[in-house]
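Student: Sharing a structure below in structure tokens format, with a few things to ask.
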Amino acid sequence: MKVVIIGAGEVGFHIASRIAYERKEVVVIDTNEDALRRVSEAIDVQVIKGSGSSPSVLKQAGIEDANIVLAVTDSDQINIVACLFADYISPKTMKLVRLRDPDFNLYKEALQNFSPHIHTIINPDIEAVHAIERFMSVPGAVDVGDFADGRIQLIGIRLAAESPLLGLRLMDIPRVQNAGHMLIAAVIRKEKLIIPRGQDVLAKGDLVYIVCETRYLTQTLDMLKVDTAPVRRVMLIGGGRVGSKMAAALEQKSIKTKIIEKNPSVCQKLAETLNKVMVLQGDGTDQNLLMEENVQDMDMVITLTGDEEINILSSLLAKRMGARSNITRISKFSYFPLVEAIGIDHIVSPRLSAVNTILQHIREGNVLSAISIKGEQAEVLEAIVPQDSEVSGKMLQKISFPTGALVVGVVRQDETFIPTGSSIIQANDRIIIFAVREVIPKIEKILTVQLNYY
Amino acid sequence: MRWRYTLCFVGILSVFLGLTMIIPLICSLITQDDSARSILLSAAITETFGLLLFFGFRIRNNDYISPREGIAIVALGWIAAGFFSALPFYFGHVFETFTDAFFESVSGITTTGASVMTNIEGVSSSLLLWRSFIQWLGGMGIIVLSLAILPLLGVGGMQMYKAEVPSPIPDKLKPRIRDTAMILWKVYAGITIAEIVFLMFGDMSFYDALNHALTTMPTGGFSTKNLSVAHYDSVYIETVIIAFMMLAGINFSLHYQMLLGKPLAFWEDSECRFFISFVLIVTLIVTINIYPVYDSFGKALRYASFQVVSIVTTTGYGSADYELWPSMSQMILLLCMFIGASAGSTGGGMKCMRIMIYFKYCYKELISLIHPRAVSHIKLNAQPVSSDVVSSVLGFLGLFVGLFALSSVMLAAMGVDLVTAFSAVASAIGNIGPGLGTVGPTENYASLPAMGKWLLVWCMLLGRLEIYTIIILLVPEFWRK
């Protein structure tokens, strides 16, 4: 498989490194020589200097035999033009585009059905809003992802001192009351991912990824003593692109929201479009303002300004003043490892969200969606079992999945269940697989059927 | 730097090199010569060493190799390869001292082709095949070959590739390094097979054709005959070898483009154009200059073209004793040793691309004296060359000339005469083979003092890995944490 990536910024870089890691052919195009050098020194990809919107550069990149082209530069216009020419030169190539301007969303269908036949439009801001909404659904969790149209959820929980799972062997967990509906998919201990076995014992401070059917979620979370009190009051800091979209989404859900924005004219605009949200003009790091607006009563403080240092400071300040939890927007991927150490509950990054969304579409075979989890050490894939696949009709424990991969959920028509070793997989089942990065190509191979006999 | 990684990879390379000793072993079994035991012993030692390193320093995931580790792996890997390829010669009693065996094997893998064998035809055919074969391995590069066929080296391979195939302007044929390496080796092997066929049409035995093809394509120059190519005294064979030396001296990515259906690829590339024109002009000058020696235009052209191509592509075969030529021709050949072949080819020397960039830079400096406000760019193939590349080229040329000067003074200090010292170092650092004086085309390096041989081994490695990869081992900063 060959992928052409236009734009070597954060999004382009991270997608390139993920795909190249899986031994696929990657070509990266950018006009900036320094950005290209960074890519070519760190990853095994081909780099081409030039504008992605230039047909000759696209040809030079071998777009004719590329399966996927990703236009992820910072400029919407360049992205669209690049896709337009990619469409002329190679109509078969699947095109994914990052478009920021909400205006384009009005013509989403036209862009998809007519030239340039864009397969998927990714708006990083909207992806970030979705990510925030997922976090808000379980405020006590570190990481939340949903599968099978929301019927199965993957929740990352940090084990606290009062957790009932502490000191238990994994094989003993099903005997704990109300634990029957969950499965432990992975444990992250000291930044390292462990695929646990029956004999492993859980310890305090472990980040445990559990898979659970949504209908039993509250019950399971209560058992685990995870905070499930719904979010009723939210304070947003920063009213830019993500902030304003978030405010509108919160308004729809009838959550009491206050939004703080520094720039008076942006405040004016926000006040014009929003009805129930209280728009406040001021500085998010201003302690008096936060106090006046009762930050201590907030269920969640979300900092979304364009300046990540300010976001971090505001979040920490709000937390210190008593806010229950916080979500912080951070763009620099290199800051991610620091986050937990300094006391930030969740991070959101439009770029990371865009990377995740794009990865879902790049997966080969019958893979429907994919999400990457903490530190990008593993992925959760959702896939349909093909008709003549070697896995169908077999008991799970008999299937030779590579080590590091685990089937954590099955959806069969209207039924969902968490499988055990004796569950049988059938064709057309939707299965959810937890897999460490190294084995993903093997899984893709198992799930892609070889049909081409002609 | 993580020693663990470096040593593990050196172990992998050694295991790999040990496995290739099967080839001379098979030859030995077929021809029933008495070298089978020494080859088996060498293979066993190489494998033991390689496996010990590999298992002793086994690494779990090889996801990232830093540039520094890449350089260390390549540099130490080549030194280890030189050491182990010397073993069959040493155990086979071809040489009396290990110094000679090591000199011969490094001269092989670096594609120099300088020999210390006094009677080549007296050596068993399996050992001569091994001598040609290591030259063939070294031509395209041991690391590049391992990248192409060993999945182990997949991810961190790029750093090593850069250290082994340094080129002023990096060239990646395919997005993945493994695919690039695979293409290069396929093209390389394909042309080698073609040459075997062509040589056999010229009534060469299969064994000789194989050996000469294995040493033409890496621009190495080891022959199985004492008189080198002059032994055959055949215009046909010389023409075939000239053609294939030229092919070997051209950037291999152009061969690939040509195979993809771009017949004009050679002529469209400015470096290739420069290389071909340069060879033609020098041949013409030398032909005219040596006409009085042979008294026949045909003969003069025949010997001049062969010797010029042989030296410019840094192969080093001999078809005539150029020491009998007028000194102008000898001087021209000596200077040609520095120029070398194209970047991305198997040839050595400074490389045409660097020379072109250097002259364009000089010209630009002159222009800026006349038009102080002129804004201009150095261009190659209508593409601007970035200033980083220009300064690295200038740095390279400076180091090349500096190391050449230093080494020839050192060799002269060991009591070697001026012409010999000068030409031997030029020949070694440019990976050519024969020089002038006592190391001329009809003589060999056996008479040099042992210290001088070690010095030339060092020069050959410097030349093959384009200086930086080897010289960096002497920089203390490289070894610091």
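The values are calculated or read from the model by the stated rules, or taken from the named source; none is laboratory data. The structure presented is a predicted model; accordingly, all values stated were derived computationally and were not measured. When we count neighbours, we look across all protein chains shown, and the Cβ atoms used for this are built from the backbone with ideal geometry, even at glycine. The protein model used for the area step is the full one, side chains on, heavy atoms only, and it has no ligands, DNA or RNA in it. Shrake-Rupley method; radii C 1.70, N 1.55, O 1.52, S 1.80 Å.
Results for (1) modelled with pLDDT under 90; (2) under 25 Å from the mean Cα position of the chain (by Cα); (3) among the polar types (S, T, N, Q); (4) within 29 Å of B:Val144 (Cβ to Cβ), shown as yes or no for each residue.
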| site | (1), (2), (3), (4) |
| --- | --- |
| B:Ser407 | no, yes, yes, yes |
| B:Met410 | no, yes, no, no |
| B:Ala421 | no, yes, no, no |
| B:Ala426 | no, yes, no, yes |
| B:Gly430 | no, yes, no, yes |
| B:Gly440 | yes, yes, no, no |
| B:Met460 | no, yes, no, yes |
| B:Arg464 | no, yes, no, yes |
| B:Arg480 | yes, no, no, no |
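Student: Looking only at helices (runs of 4 or more DSSP H) that lie completely in region B:125-238, which have at least 1 residues being within 14 Å of chain A (Cβ to nearest Cβ) and buried (at least 22 other Cβ atoms within 10 Å of the Cβ)?
Tutor: Per the criteria, B:142-149, B:157-164, B:177-201.
Student: Just one of (1) surrounded by fewer than 19 Cβ atoms within 10 Å (Cβ to Cβ); (2) in a loop (DSSP other than H, G, I, E, B) trips up B:Met258, so point out which.
Tutor: All conditions pass for B:Met258, except number (2).
Student: Would you confirm whether or not region A:172-184 contains a residue that is touching a helix residue (DSSP H, G or I) at 6+ places or on another chain (Cβ under 9 Å), modelled with pLDDT of 80 or more, assigned to a loop (DSSP other than H, G, I, E, B) and more than 29 Å from A:His130 (Cβ to Cβ)?
Tutor: no
Student: Test of understanding: among B:His371, B:His377, which residue is within 14 Å of chain A (Cβ to nearest Cβ) and either without any contact (Cβ under 8 Å) to a residue 60 or more places away in the chain or open to solvent by less than 20 Å² (accessible area, probe 1.4 Å) (or both)?
Tutor: One residue alone meets the criteria, B:His377.
Student: B:Val385 - would you say it is within 14 Å of chain A (Cβ to nearest Cβ) and of a type in the set (A, V, I, L, M)?
Tutor: So B:Val385 passes the test.
Student: Could you count how many residues in region A:263-277 are more than 29 Å from the chain's Cα centre (by Cα) and within 18 Å of A:Ala318 (Cβ to Cβ)?
Tutor: 0
Student: Quick check on my filter: what residues within region B:1-31 are open to solvent by 60 Å² or more (accessible area, probe 1.4 Å) and hydrophobic (A, V, I, L, M, F, W, C)?
Tutor: B:Trp3, B:Leu19, B:Ile22, B:Ile23, B:Ile26, B:Leu29, B:Ile30
Student: Another one. Consider A:Lys49 carefully, then state whether it is basic (Lys, Arg), under 26 Å from B:Tyr161 (Cβ atoms) and within 13 Å of another protein chain (Cβ to nearest Cβ).
Tutor: yes
Student: Follow-up question, since we're still on this one. Going through region A:82-130 one residue at a time, which ones are part of a helix (DSSP H, G or I), at pLDDT 90 or above, under 24 Å from A:Ser51 (Cβ atoms) and among the aliphatic types (A, V, I, L, M)?
Tutor: A:Ala82, A:Leu84, A:Ala86, A:Ile89 - these are the residues of region A:82-130 that are part of a helix (DSSP H, G or I), at pLDDT 90 or above, under 24 Å from A:Ser51 (Cβ atoms) and among the aliphatic types (A, V, I, L, M).
Student: If you don't mind, there's one more thing I want to ask. Can you tell me which residue in region A:45-85 is most open to solvent (accessible area, probe 1.4 Å), limited to those that are touching a Lys or Arg at 6+ places or on another chain (Cβ under 6 Å) and free of Cβ contacts under 8 Å to residues at least 60 places away in the same chain?
Tutor: Among residues in region A:45-85 that are touching a Lys or Arg at 6+ places or on another chain (Cβ under 6 Å) and free of Cβ contacts under 8 Å to residues at least 60 places away in the same chain, the one most open to solvent (accessible area, probe 1.4 Å) is A:Gln46.
Student: Additional query: Which residues, taken from region B:32-43, are open to solvent by 50 Å² or more (accessible area, probe 1.4 Å) and either in contact (Cβ under 8 Å) with a residue 24 or more places away in the chain or assigned to a helix (DSSP H, G or I) (or both)?
Tutor: B:Asp34, B:Arg37, B:Leu40, B:Leu41
Student: Okay, next question. Among the numbered criteria (1) touching a His at 6+ places or on another chain (Cβ under 9 Å); (2) under 19 Å from B:Ile149 (Cβ atoms); (3) small (Gly, Ala, Ser), which one does B:Ser38 miss?
Tutor: It is condition (2) that B:Ser38 fails.
Student: Exactly one of (1) touching a Cys at 6+ places or on another chain (Cβ under 8 Å); (2) open to solvent by 10 Å² or more (accessible area, probe 1.4 Å); (3) hydrophobic (A, V, I, L, M, F, W, C) is unmet by B:Trp267. Its number?
Tutor: (1)
Student: Okay, next question. Of the residues that make up region A:19-35, is at least one over 24 Å from the mean Cα position of the chain (by Cα), in a helix (DSSP H, G or I), over 21 Å from A:Ile362 (Cα atoms) and within 8 Å of chain B (Cβ to nearest Cβ)?
Tutor: yes
Student: Then there is this: Just to be sure, is A:Leu236 buried (at least 19 other Cβ atoms within 10 Å of the Cβ), within 20 Å of the chain's Cα centre (by Cα) and closer than 30 Å to A:Glu309 by Cβ?
Tutor: For A:Leu236, the condition - buried (at least 19 other Cβ atoms within 10 Å of the Cβ), within 20 Å of the chain's Cα centre (by Cα) and closer than 30 Å to A:Glu309 by Cβ - is not met.
Student: Would it be correct to say that A:Leu58 is aliphatic (A, V, I, L, M), closer than 30 Å to B:Ala181 by Cβ and not in a helix (DSSP H, G or I)?
Tutor: no
Student: Now, a different point. Given the structure, is B:Ser253 in a helix (DSSP H, G or I) and free of Cβ contacts under 8 Å to residues at least 40 places away in the same chain?
Tutor: Answer is no for this residue.
Student: Would region B:284-302 turn up any residue that is farther than 29 Å from B:Ile357 by Cβ and in a loop (DSSP other than H, G, I, E, B)?
Tutor: yes
Student: From the list A:Val355, A:Val411, A:Val339, which residue is part of a strand (DSSP E or B) and either open to solvent by less than 60 Å² (accessible area, probe 1.4 Å) or at pLDDT 85 or above (or both)?
Tutor: A:Val411
Student: Determine, yes or no, whether A:Met246 is of a type outside the set (S, T, N, Q), part of a strand (DSSP E or B), in contact with a Ser or Thr (Cβ under 9 Å, 6 or more places away or on another chain) and open to solvent by less than 50 Å² (accessible area, probe 1.4 Å).
Tutor: Answer is no for this residue.
Student: Looking only at region B:162-195, count how many residues are within 22 Å of B:Ser66 (Cα to Cα) and free of Cβ contacts under 8 Å to residues at least 40 places away in the same chain.
Tutor: Of the residues in region B:162-195, 10 are within 22 Å of B:Ser66 (Cα to Cα) and free of Cβ contacts under 8 Å to residues at least 40 places away in the same chain.
Student: Shifting gears a bit: When both residues are 6+ apart or on different chains and their Cβ atoms are under 8 Å apart, which pairs have a first residue that lies in region B:286-301 and is closer than 18 Å to B:Leu335 by Cα, and a second that is part of a helix (DSSP H, G or I) and open to solvent by 100 Å² or more (accessible area, probe 1.4 Å)?
Tutor: Here the result reads B:Thr287/B:Phe297, each pair linking region B:286-301 to a residue that is part of a helix (DSSP H, G or I) and open to solvent by 100 Å² or more (accessible area, probe 1.4 Å).
Student: Condition first: assigned to a loop (DSSP other than H, G, I, E, B), in contact (Cβ under 8 Å) with a residue 40 or more places away in the chain and not aliphatic (A, V, I, L, M). Now tell me which residues in region A:279-309 satisfy that.
Tutor: Within region A:279-309, A:Gly284, A:Glu293, A:Asp299, A:Thr305, A:Gly306 meet the criteria.
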